[in-house]
């Protein structure tokens, strides 16, 4: 993961209309991994001195699951604590202190690893325009110059992260297209209507994180990056049960989706 306690700090809104939002100075804290708790606690310890008015906590997985009242970060993708609550209590305490100092705290979804699909990035971007793309050296270095040698074993020529990061395919995720969601359908309609493009946006709700998918262009079958937990369903009237990928936990309160 890209490191850094505060990156993009001092991103100041240069000008706003009188009727618009007030200017702010913001930055994000990269809390993923075992050093995340120490980082947010360091910020909390110096909260009154922070030269920002807005802080983003990065990065929560786009396929995160949080059950209201569960008080656990176990399924958020932060992976910053081995504690039973995934670091929830420590994070809550630090955020409370930071907010009390006048800094707004928000959650940021995605990040680089949380929006990188190794197969599609390798075939359609890195190696999708010949050998002259800026990152084609990864195909040369890790796949002998042949993009078809990309596979889950080498994270598709390590296009998302280099081997030195010691990550696996499980580190990546994509933003799902929850076709069952009425709000999502409204968003799709809004984006499509306002695209103004010669070719309308293409949506593919079959790209379900954590599930098998075959790329129609390459016929390569992979597991879509991300967790299948957001797809867990509970039959109506039986909220203690859930249906998801084998081995996935059953949440105490799942949403009944028709």
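The values are calculated or read from the model by the stated rules, or taken from the named source; none is laboratory data. In this text, all values refer to a predicted model and were calculated from it rather than measured experimentally. Don't worry about glycine lacking a Cβ; one is built from the backbone with ideal geometry, like all the others, and counts go over all protein chains shown.
Some values worked out for this structure:
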{"read-out": "Pair list, Cβ < 7 Å and 6+ apart or interchain, from region 182-208 residues that are surrounded by 12 or more Cβ atoms within 10 Å (Cβ to Cβ) to residues that are at pLDDT 90 or above and not in a loop (DSSP other than H, G, I, E, B)", "value": "203/188; 206/213; 207/213"}
{"read-out": "Matching residues in region 77-94 - criterion: being surrounded by 16 or more Cβ atoms within 10 Å (Cβ to Cβ) and assigned to a loop (DSSP other than H, G, I, E, B)", "value": "77, 78, 79, 80, 81, 86, 87"}
{"read-out": "Residue within region 21-29 that is out of contact with any strand residue (DSSP E or B) (no Cβ under 7 Å at 6 or more places or on another chain), at pLDDT below 95 and over 23 Å from residue 172 (Cβ atoms) present", "value": "yes"}
{"read-out": "Hits in region 147-161 (condition: in a loop (DSSP other than H, G, I, E, B) and either loosely packed, with under 13 Cβ neighbours inside 10 Å or touching a helix residue (DSSP H, G or I) at 6+ places or on another chain (Cβ under 8 Å) (or both))", "value": "150, 159, 160, 161"}
{"read-out": "Test: residue in region 109-123 that is in a loop (DSSP other than H, G, I, E, B) and at pLDDT 95 or above", "value": "yes"}
{"read-out": "Residue within region 164-180 that is farther than 22 Å from residue 211 by Cβ, at pLDDT 95 or above and outside any helix (DSSP H, G or I) present", "value": "no"}
{"read-out": "Flag if residue 74 is out of contact with any helix residue (DSSP H, G or I) (no Cβ under 9 Å at 6 or more places or on another chain), part of a loop (DSSP other than H, G, I, E, B), modelled with pLDDT under 95 and within 18 Å of residue 33 (Cα to Cα)", "value": "no"}
{"read-out": "Tally, over region 170-228, of residues that are under 21 Å from the mean Cα position of the chain (by Cα) and at positive phi", "value": "2"}
{"read-out": "Odd one out for residue 97 among (1) buried (at least 20 other Cβ atoms within 10 Å of the Cβ); (2) in contact with a helix residue (DSSP H, G or I) (Cβ under 6 Å, 6 or more places away or on another chain)", "value": "(1)"}
{"read-out": "Residues of region 124-143 satisfying the condition of being assigned to a loop (DSSP other than H, G, I, E, B) and under 24 Å from residue 61 (Cβ atoms)", "value": "135"}
